[in-house]
Protein chains: 2
Amino acid sequence: ISWEEQDNSLVLLDQSALPFETVFVKVRTPEEVAYAIKTMKVRGAPAIGITAAYGMITAILKSSSLEEAMGSLFKAKSVLDSSRPTAVNLSWATSHMLSLSKKLVEEGKVRRVEELLAELKAEARRIFDQELEAELQMGIYGLEKIDEGDTVLTQCNAGGLATGTGVGTALAPVKVAHALGIKVSVIAPETRPWLQGSRLTVYELMKEGIPVKLITDTAVGLVMFKGMVNSVMVGADRILSDGHVYNKIGTFKEAVIAKELGIPFYVLAPVTTFDLKNKVEDIRIEERDPNEVRTVRGVPIAPEGVEVYNPVFDVTPPKYVTAIITERGVIYPPFERNVRKTVGR
Amino acid sequence: ISWEEQDNSLVLLDQSALPFETVFVKVRTPEEVAYAIKTMKVRGAPAIGITAAYGMITAILKSSSLEEAMGSLFKAKSVLDSSRPTAVNLSWATSHMLSLSKKLVEEGKVRRVEELLAELKAEARRIFDQELEAELQMGIYGLEKIDEGDTVLTQCNAGGLATGTGVGTALAPVKVAHALGIKVSVIAPETRPWLQGSRLTVYELMKEGIPVKLITDTAVGLVMFKGMVNSVMVGADRILSDGHVYNKIGTFKEAVIAKELGIPFYVLAPVTTFDLKNKVEDIRIEERDPNEVRTVRGVPIAPEGVEVYNPVFDVTPPKYVTAIITERGVIYPPFERNVRKTVGR
C-alpha cells in the first residue's frame, strides 16, 4: 500500500493474484478502492483500514471547494464502508478521516482543498506508521508466549500482507522471535475458500526464511491432537468488549479444539480492532459468492448449481480465548472487565 | 464395482474423475486393482473391501494348478494390503478370500482352478450383498436418530459411492429417511485434499433429490455454532475395541465441536470395520503425496516446494462419540465393554 505522489494514485499489491503473479493495481477513486477491497485485492483487517484511509483521500482529488470536498468525503465513507461489512478497521479509518476533515474545516485550520489533501495524506501515513509500531509492540508482548523451538498454528493470513506493513498481527511474535534468533516454526492451514494460508502465509514466511508447514483445513485437529502445536495465534477482524472474537472462518474450530486439548489460544490485534459498542446479536457475518466454494482458482470442484453456504467469518466466544495481545499489553480474562481497562475509550 | 464375465475383468467407476467425468476402468490383475485403490479411483472403506475381494480373484485367472493359485493368492494379498494402510476392510477382505481358498483346497472341496474361481466369485458377490444388507440395516437403526426436518452434518463421502452399493454408511439413515418421505437435509464439508464432499457426496445426494448444502471445511464450526446442525453422522475406516474411530481427516474436529456444543455425533459402520486386535499406538496414520495439498485438480494453490503435512485420516477418541451404529444395532458407551458385546468374534 503506497501513495504515488506523481499521479496522485494509490498503489496496491493484488493479494488475490499471489503467489502466482505479483501484480500492482493503481486506484484513483473511492469506487475503485472499494472494488479492490470487495474483490479482495486488498484483504486483512489492518490493511483494509489503511487502504480505506487512503481511499478517503481519493475522494477529494478533484474537489474544487472545501464544501464539495466534505460532500465527497461523506459519500466516499459510505461507498467504502459497504465494501466489506465485518472488518471494524474499515469503518474506523473512514470515520477517523471524515471527522478529522470536519474538524480541520470547522476550526478553519485548512482553507483550501490542497491544504486538506496534504493533512489527510499525512494522517493516512500516520495511520500506517501507527499500525506498524503497534504490530512490533504486539510482537514484543507476544514474544513472552513463545519458547525456543515452538510451533505456532495460525489461520488465514494475519501476517505482513494482511496489514500492509510486512509484519502482521498474529505472526508478529513469530517474526520478532525469528529476528532475535529464537527458533520458531509455523503450521499454516490453507484456509478455504480464499486460500490465504496456502497462498499468502506460506509465501510470506518462506520469503523470510521462517520454517512453515502447509496443511489442509481438515488436518487442524490432528496436528493439535498429535502434539505438534505449542500455541495457536490468530488475528481478528473485530473484537467485542466481552471478548467475542470475529475472525476468518475456521478460527472457532481451532479455538474449541485448543481449549479441549489444553493448548493456549491467543488473539493478536491492535486496539483499533475493538468494537466496544456492539453486542454479538448486532454483528452480521458476511456471506460471499457461492462460486468461491464451487471453484478453486477458477476450476470447478463441485457439481454445477450446488447449493452453498459461504460465511467468511466466524465468532469465537470469550471462554475459548486464553488472552488477547494488543500493542498496549496482554489482556486476560475476565474480558468483560479487562478489555475496557486496556482499550479504554 | 461389477465383475464382467465376458472377459473376466473387474469394472470400476473412477471416483477420482467424478463429478466432471464418468469414467469406468477395467482391471485384470491384483497390481492393477491395487493401483486403482492407491490412486483413489476406488475409495471408501467398504468399497475398497469389495474391490479387494474381487482383486483376489484376478490373481488366479491364469493359474494352471491349485498350488499355483494358492501362491498367487498369497502374493495378491500382500500387493493389495499395501495399497492403503488404514482401511481395515481391505485386509479383512483379502484375509477372508485367502483363508476361504485354503479351506476349500485343504478339505478337497475344489479340485480344479475353475472350481476355486467359481467359489471365489460367489463369495465376492456375497460380500457385496452382505454389505448392501448391512447398510440398509444401519439405515434403519440410524433412522431413530433422525427427526422430521433434521439437518445432518457429514464428512467426506460415506455414501453409496464409498461402499459401491449406492446406499452408504453415514448416509444410510438419510437415504432411508428420504425414501420414507421424512424431510431431511445434509450439510457436506468439501473435505480437502480430495474433495470427496464437494465432488461425491454433493453429486450423489443431488442425483437422488436429497437437499444438500456445500460448505468449506473451515465453516464446520460455524454451522454447528449457529444451530444449523441436528446431528453429525460420519463413516469409519477402522474402529478399535475401545471405541477409537479412524476416519477421514477432519472427523476429529467435528467430533470435538459437536461434543462441546451438545450435538450428537454418530459413527456408522458395518461390523467388518472393527479391529478388535490393535490398540491406538499400533495404528499408523496414512500420509499421502504433498502435491495433493499443493494443488487442487492439478492447479497450484501454494508456492512451489512448500513443506506439507498431508495425513488422510485422524483418530477420534471414544469420549467424543455418542454412539456407533452398526448393522447389528446401536452401540453406546462404555465402548470398551459394549463393542465386543455387539461385534463379538
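The values are calculated or read from the model by the stated rules, or taken from the named source; none is laboratory data. Note that the coordinates shown come from a computational prediction; the quantities given were computed from them, not determined experimentally. Note that each Cβ is placed from the backbone with ideal geometry, even for glycine, and that neighbours are counted across all protein chains shown. The accessibility values were calculated without ligands, DNA or RNA, using every heavy atom of the protein model including side chains. Shrake-Rupley method; radii C 1.70, N 1.55, O 1.52, S 1.80 Å.
Taking the criterion of being of a type outside the set (Phe, Trp, Tyr), within 12 Å of chain A (Cβ to nearest Cβ) and either under 22 Å from residue A:260 (Cα atoms) or out of contact with any strand residue (DSSP E or B) (no Cβ under 9 Å at 6 or more places or on another chain) (or both), would at least one residue in region B:264-279 satisfy it? Checking region B:264-279: not a single residue is of a type outside the set (Phe, Trp, Tyr), within 12 Å of chain A (Cβ to nearest Cβ) and either under 22 Å from residue A:260 (Cα atoms) or out of contact with any strand residue (DSSP E or B) (no Cβ under 9 Å at 6 or more places or on another chain) (or both). When residues in region A:254-263 are screened for being without any contact (Cβ under 8 Å) to a residue 40 or more places away in the chain and within 8 Å of another protein chain (Cβ to nearest Cβ), 2 of them pass. Among residues of region A:218-252 being free of Cβ contacts under 8 Å to residues at least 60 places away in the same chain and at the interface with another protein chain (Cβ under 7 Å from one of its Cβ atoms), the one that is farthest from residue B:155 (Cα to Cα) is A:225. Within region B:1-30, residues that are not assigned by TED's automatic domain parsing to the domain that holds residue B:168 and part of a strand (DSSP E or B) sit with their Cβ atoms under 6 Å from residues that are open to solvent by less than 50 Å² (accessible area, probe 1.4 Å) and of a type in the set (Asp, Glu), at 6+ positions apart or across chains, in these pairs: B:25/B:14. Please go through region B:3-14 and pick out each residue that is buried (at least 17 other Cβ atoms within 10 Å of the Cβ) and either of a type in the set (A, V, I, L, M) or within 14 Å of chain A (Cβ to nearest Cβ) (or both). Result: B:10, B:12, B:13.
Does residue B:191 count as under 17 Å from residue B:310 (Cβ atoms), open to solvent by less than 10 Å² (accessible area, probe 1.4 Å) and not hydrophobic (A, V, I, L, M, F, W, C)? Yes, satisfied. For residue B:228, the requirement of being more than 30 Å from residue B:93 (Cα to Cα), part of a loop (DSSP other than H, G, I, E, B) and either of a type in the set (A, V, I, L, M, F, W, C) or more than 21 Å from the chain's Cα centre (by Cα) (or both) is met.
Checked against the criterion of being surrounded by fewer than 16 Cβ atoms within 10 Å (Cβ to Cβ), at the interface with another protein chain (Cβ under 8 Å from one of its Cβ atoms) and hydrophobic (A, V, I, L, M, F, W, C), the candidates A:285, A:215 yield just one match: A:285.
For region A:86-129, enumerate the residues that are part of a loop (DSSP other than H, G, I, E, B) and open to solvent by less than 50 Å² (accessible area, probe 1.4 Å). Within region A:86-129, A:86, A:87, A:108, A:110 qualify.
Looking at region A:297-343 only, could you name the residues that are over 22 Å from residue B:227 (Cα atoms) and within 14 Å of chain B (Cβ to nearest Cβ)?
Result: A:297, A:298, A:299, A:300, A:301, A:302, A:303, A:304, A:305.
Quickly run through region B:248-273 and pick out the residues that are open to solvent by less than 10 Å² (accessible area, probe 1.4 Å), touching a Ser or Thr at 6+ places or on another chain (Cβ under 7 Å) and in a strand (DSSP E or B). Within region B:248-273, B:265, B:268 qualify.
Within region A:158-211, being among the polar types (S, T, N, Q) and at pLDDT below 95 holds for A:163, A:165. Restricting attention to region A:200-211 and to residues that are open to solvent by less than 10 Å² (accessible area, probe 1.4 Å) and of a type in the set (A, V, I, L, M, F, W, C), the residue that is nearest to the other protein chains (Cβ to nearest Cβ) turns out to be A:202. Of the residues making up region A:136-171, those that are in a loop (DSSP other than H, G, I, E, B) and surrounded by fewer than 21 Cβ atoms within 10 Å (Cβ to Cβ) are A:144, A:145, A:147, A:148, A:149, A:166.
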